[in-house]
């Protein structure tokens, strides 16, 4: 079968409400909330879980070294294997894939996977802008890093200037359909997005993700366990790739690792026409322009056509044939370490028919996508309502 | 080029992180400010001090906080003759595991006596609070032998 080895499926999904500050809970309390919801969804208790796989962004973000150790009790990991995964912003996706690999390999039958960030107790901007001796520091965080890459995309494709604003406005509209989303801005207008301050030119304030506290969790099980569930999300494919963030000749707009990760993914899933065959996409878009950029890189359209999909409304839940980020996406909730796992979990909810108001009618195959670092780590999966066939 | 000629530079990183305590550790810390010690009861009735949010063995939620006595027994100890600069204590003292009355797990704190001859495993000690408390483990100045005029 596609992903290799034993079949695996998601039978439990849990998330916290995402917000700027979760002052009511400790870090253990935060991960606990998501994990308990995932267990409840799976109809399981702590003792049913064989192993725990946890992910979060760099330790510098909260200043907690090796959080996997002090979160053991909160995640029911006492006496069990506990692993921590670390691939910057893509970590939530990589963590889910590592958890799935423990099931695909037959090592474990029931794995709990959790990813989280408590941005209110940290400062990502600081952590991402640490001055290193002998290196130029632009002290600009992620937005400053990505803005010239976005300009390069705009110039290469001659995309209209307001495509990014369309993505941002669309995702904030989608967020209104998701009770867990951080940003709920029912009165936001497209003009307000356009008129918001230019933060890292050409990226406006409203085209950036918020800073959120939150956690996401999933229970991933083998075929025998999945068949006891009413609505498992079968894992059809999973792929990860990485590359250096800086080398001469690098294609920063469309990194090789992204293209090759997607090609591997579609090949595993037996998908030849992603746009036709995928019903919902949860894509890692922390800055609006990354939606058209990834649409191209992932093969949903030809190079240079990503912005046309956005402009045509193809990625909107209302009327679009390829709805992207129906949950509101990273642009509406960004607990960094969890953001990748939220994408993967939302894809699972879609094919399980459990996405509530942001459900894509009849979704049978969905893609979850995450990237991290200087667009250098990639993690992707395809989940389906039906069991994968060889 | 000789290795000692290669450039090197210091790298100092500092950031004032914050921490949210949550309902259990938060209550324990608030208790210290009020000069009250709070432990937490497990399903089997045993009491953990300091309290934890989740059972260390079963991972169950723990919620029932109980007040602990302010005297107890030294279960083991070590003598610190010359406290280092970063120590909260300036003079010689013991660091001891102390099983307080009403708790089932010992916790670590200082026993403030003048010399090691005054220490023994099994001795009874009582808490000595600082005059000003703020919600910190150092609101406890240390422990002194029981009956030595603690007020």
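The values are calculated or read from the model by the stated rules, or taken from the named source; none is laboratory data. The shown structure was predicted, so the numbers you read here are calculated from the model rather than taken from an experiment. Cβ placement follows ideal geometry from the backbone for every residue including glycine, while neighbour counts extend to all protein chains displayed.
Points worth noting:
Residue-wise test of (1) surrounded by 17 or more Cβ atoms within 10 Å (Cβ to Cβ); (2) more than 7 Å from chain A (Cβ to nearest Cβ).
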{"site": "B:2", "(1), (2)": "no, yes"}
{"site": "B:22", "(1), (2)": "yes, no"}
{"site": "B:40", "(1), (2)": "yes, yes"}
{"site": "B:51", "(1), (2)": "yes, yes"}
{"site": "B:64", "(1), (2)": "no, yes"}
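- Any hit, region A:335-351, residues being over 17 Å from the mean Cα position of the chain (by Cα) and over 21 Å from residue A:183 (Cα atoms): no
- Residue within region A:105-119 that is on the phi > 0 side of the Ramachandran plot and more than 14 Å from chain B (Cβ to nearest Cβ) present: yes
- Filter result (within 11 Å of another protein chain (Cβ to nearest Cβ) and in contact (Cβ under 8 Å) with a residue 12 or more places away in the chain) within region A:130-142: A:130
- Checklist (1) loosely packed, with under 15 Cβ neighbours inside 10 Å; (2) on the phi > 0 side of the Ramachandran plot; (3) touching a residue at least 60 places away in the same chain (Cβ under 8 Å) applied to residue B:45, failing item: (3)
- In the set (1) more than 14 Å from chain A (Cβ to nearest Cβ); (2) part of a loop (DSSP other than H, G, I, E, B); (3) in contact with a helix residue (DSSP H, G or I) (Cβ under 6 Å, 6 or more places away or on another chain), residue B:15 fails one condition alone, (1).
- A single member of B:31, B:69, B:26 is surrounded by 10 or more Cβ atoms within 10 Å (Cβ to Cβ) and under 18 Å from residue A:28 (Cβ atoms), and it is B:26.
- Just one of the listed residues (B:73, B:82, B:67) is outside any strand (DSSP E or B) and either in contact with a strand residue (DSSP E or B) (Cβ under 7 Å, 6 or more places away or on another chain) or within 24 Å of residue B:144 (Cβ to Cβ) (or both), namely B:82.
- Filter result for the condition that a residue is modelled with pLDDT under 95, within 30 Å of residue A:28 (Cα to Cα) and surrounded by 14 or more Cβ atoms within 10 Å (Cβ to Cβ), over B:133, B:58, B:105: B:58
Per-residue answers, yes or no, for (1) over 30 Å from residue A:266 (Cβ atoms); (2) surrounded by fewer than 18 Cβ atoms within 10 Å (Cβ to Cβ):
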| site | (1), (2) |
| --- | --- |
| A:5 | no, yes |
| A:9 | no, no |
| A:13 | no, no |
| A:26 | yes, no |
| A:30 | yes, no |
| A:37 | yes, no |
| A:45 | yes, yes |
| A:54 | no, no |
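- Qualifying residues in region A:46-76 (those that are over 20 Å from residue A:87 (Cβ atoms) and more than 9 Å from chain B (Cβ to nearest Cβ)) - the one modelled with the lowest pLDDT: A:70
- From A:185, A:256, residue being free of Cβ contacts under 8 Å to residues at least 24 places away in the same chain and in contact with a helix residue (DSSP H, G or I) (Cβ under 6 Å, 6 or more places away or on another chain): A:185
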